[in-house]
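Beneath this line is the structure, given in structure tokens, with notes to follow.
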């Protein structure tokens, strides 16, 4: 016990408390500061006689009272140091139980009774508490065990469910609904009185939860204290109990300030706590000391002054502030609100532990129970400048973090979907798993609150949300890690499963396109230019079937992982210096309009492009990248293409091996009947990791079909195509299969892929 008050979550036994008795041992200051009065501090609790009487009168009629009031109206103090203290004076006494619901109300109550309650039997309660995973069954067992334990309390008991708004903002909805049923079982205990306290902003939620009839019967609205006589008693009574005077000029200054600052009891108490510490040996609490503090409105800032100086001089403490605030504050319905922090965190973060100890000494942090700490009062969220500014800056991120954690806990209780095929599962857990449109902002918010450097894009993904997840993954709670695992990653994992159907691969491609495909090499970069994922290809020698001579040398080059997509080609079409610019069409036939954008998902391979369109695209991109001389963007030659497809010297019949496998490519056998997004068949990639080489679209090559060594621009002789398409049968998808097509014609199954290599084209 500290400062004449027990820690929240305690159970106090019976007995009379004479208000004229000496102060409890160890009491230093009769004003609790920002903390609420507790039962042990009843001797210093003044000015609330009328409100105490109202609550006692209501309890005499109904064993449930819901006390609703603004933050700072003294709800917790009223019940603990006022109502509970009066009830404890009754013959035989009344036990007092103080509990805050937080995220796990059943567990909180169970731990309270197990830790504090003088109960004859605890076996069932202990067994229910130590269920390893939260579940409906566990909550039901706890409810039964708690009810049984409370029936065994050998005297009447008053149960304070304090800060009850936590049930609506911290507790999973399912648990909140179960707790409503549990409340009925509590009210069936004839010797148990229940008091709920919550902020008035949550009255509507309480109405929905309790029901109109029960709320009407139990509701007691606690208004801010404006009565001068009551305020006078609050100010002077605690000091007078210890024989310390309050100077009249101080009282004259404090009374109007306290009246004007409605709902400011914590500020009043903090100010008086400070004045008591600075009291004059003879004059007691003085106006001079009050003026040094800066008045009621500046009390928090004045008390925080010493800490602020330490924080500003110590970089570790400054950084620890953000980490601490991220754990102790959240935003609910646009209102900054307290959260609790497990003290276990402090053992792994020495600067944070040091900061907490400094704030605890100043009364800014209190022990919620043996394992948790919290801000002493919500007043700090609005009156401590550093914390107020931090909450304003991260308001949206704080609200989103609270929502995602609650959703994740709810999802876990339902049951996680299959890890192998999470998106395809039909379980309720799958249905509740957030989509990327929700996951991404949540991950960015969590990353921001972790106060880490901006997330860096990875090798495979250029998306900041995925980068944030990777940066956070090591420190996230297990359930949250599973819940927020980015949907794109789960979908791509499905692609690597050989049992994923062609139809499902098409769906995945469409879904990736819908969310803005985050894969590198599929879209465009921040500069608006195609983002290409390059794969290095070593030199070699390849033999082309049906030609004499048939052997061709391949020089080292880099090849795009995927065919050019609609989004990438669209950057060329829409650029002011792109498709309409005559510079790229030298010795080429330029059509007035680009080809029809058929099946034009951004991540789909571009089709309806002729050979000339592809050449113009390569020239444009080379210029935009300022390439020339030894290296340019161009189409691959036929022999380069085949060397890549067959896995170099491996000489595979198909990119994946020598045997046809219909599941590894989008061909006629897939039954899809059109192109699909690029990269939907990763198991069909070449040995070097180049994808979509077989099927989906034919790919233009640089050279003529009949005279392969002719790679020059000009003329209308057919150019070579490779790879087969969605229209074709297995034989056309062989690495060695050749096809010819007029260079100025377009078709719905012909696209292209680019390489970064030495130029073949001459002026």
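The values are calculated or read from the model by the stated rules, or taken from the named source; none is laboratory data. Bear in mind that the values here come from a model prediction, so they are computed numbers and not experimental data. Backbone-built Cβ (ideal geometry, glycine too); neighbour counts: all protein chains shown.
Observations
- All of (1) farther than 18 Å from residue 693 by Cα; (2) buried (at least 23 other Cβ atoms within 10 Å of the Cβ) hold for residue 614 with one exception: (1).
- Scanning region 678-692 finds one or more residues that are in contact with a strand residue (DSSP E or B) (Cβ under 6 Å, 6 or more places away or on another chain) and under 13 Å from residue 751 (Cβ atoms).
- Taken over region 451-491, the criterion of being in a loop (DSSP other than H, G, I, E, B) and within 20 Å of residue 526 (Cα to Cα) is satisfied by 453, 454, 455, 456, 457, 458, 459, 460, 462, 463.
- Meets criteria (at pLDDT 95 or above and either more than 20 Å from residue 742 (Cβ to Cβ) or touching a helix residue (DSSP H, G or I) at 6+ places or on another chain (Cβ under 8 Å) (or both)) for residue 602: yes
- Single unsatisfied condition, residue 495 versus (1) at pLDDT below 95; (2) more than 28 Å from residue 391 (Cα to Cα): (1)
- Here residue 196 clears all of (1) over 18 Å from residue 99 (Cα atoms); (2) crowded, with 17+ Cβ neighbours inside 10 Å except the condition numbered (1).
- Failed item, numbered, when residue 657 is tested on (1) surrounded by fewer than 19 Cβ atoms within 10 Å (Cβ to Cβ); (2) in contact (Cβ under 8 Å) with a residue 24 or more places away in the chain: (2)
- Residue ranges of helices (runs of 4 or more DSSP H) in region 155-231 with at least 2 members modelled with pLDDT under 90 and under 26 Å from residue 81 (Cβ atoms): 166-169
- Options 19, 50, 38: the member that is at pLDDT 75 or above, surrounded by fewer than 15 Cβ atoms within 10 Å (Cβ to Cβ) and not assigned by TED's automatic domain parsing to the domain that holds residue 370: 50
- Tally of residues being surrounded by fewer than 19 Cβ atoms within 10 Å (Cβ to Cβ), part of a loop (DSSP other than H, G, I, E, B) and out of contact with any helix residue (DSSP H, G or I) (no Cβ under 7 Å at 6 or more places or on another chain) across region 706-736: 10
- Per this entry, residue 345 is counted among residues that are under 23 Å from residue 99 (Cβ atoms), in a helix (DSSP H, G or I), in contact with a helix residue (DSSP H, G or I) (Cβ under 9 Å, 6 or more places away or on another chain) and modelled with pLDDT under 90.
- Which numbered condition residue 558 misses (of (1) in a loop (DSSP other than H, G, I, E, B); (2) more than 22 Å from residue 488 (Cβ to Cβ); (3) under 50 Å from the mean Cα position of the chain (by Cα)): (1)
- Restricting attention to region 339-359 and to residues that are under 21 Å from residue 104 (Cα atoms) and without any contact (Cβ under 8 Å) to a residue 60 or more places away in the chain, the residue that is nearest to the chain's Cα centre (by Cα) turns out to be 341.
- Candidates 560, 539, 612, 630, filtered to the one that is in contact with a strand residue (DSSP E or B) (Cβ under 8 Å, 6 or more places away or on another chain) and in contact (Cβ under 8 Å) with a residue 60 or more places away in the chain: 560
- All conditions in (1) in contact with a strand residue (DSSP E or B) (Cβ under 9 Å, 6 or more places away or on another chain); (2) crowded, with 19+ Cβ neighbours inside 10 Å; (3) under 20 Å from residue 33 (Cα atoms) hold for residue 369, with the sole exception of (1).
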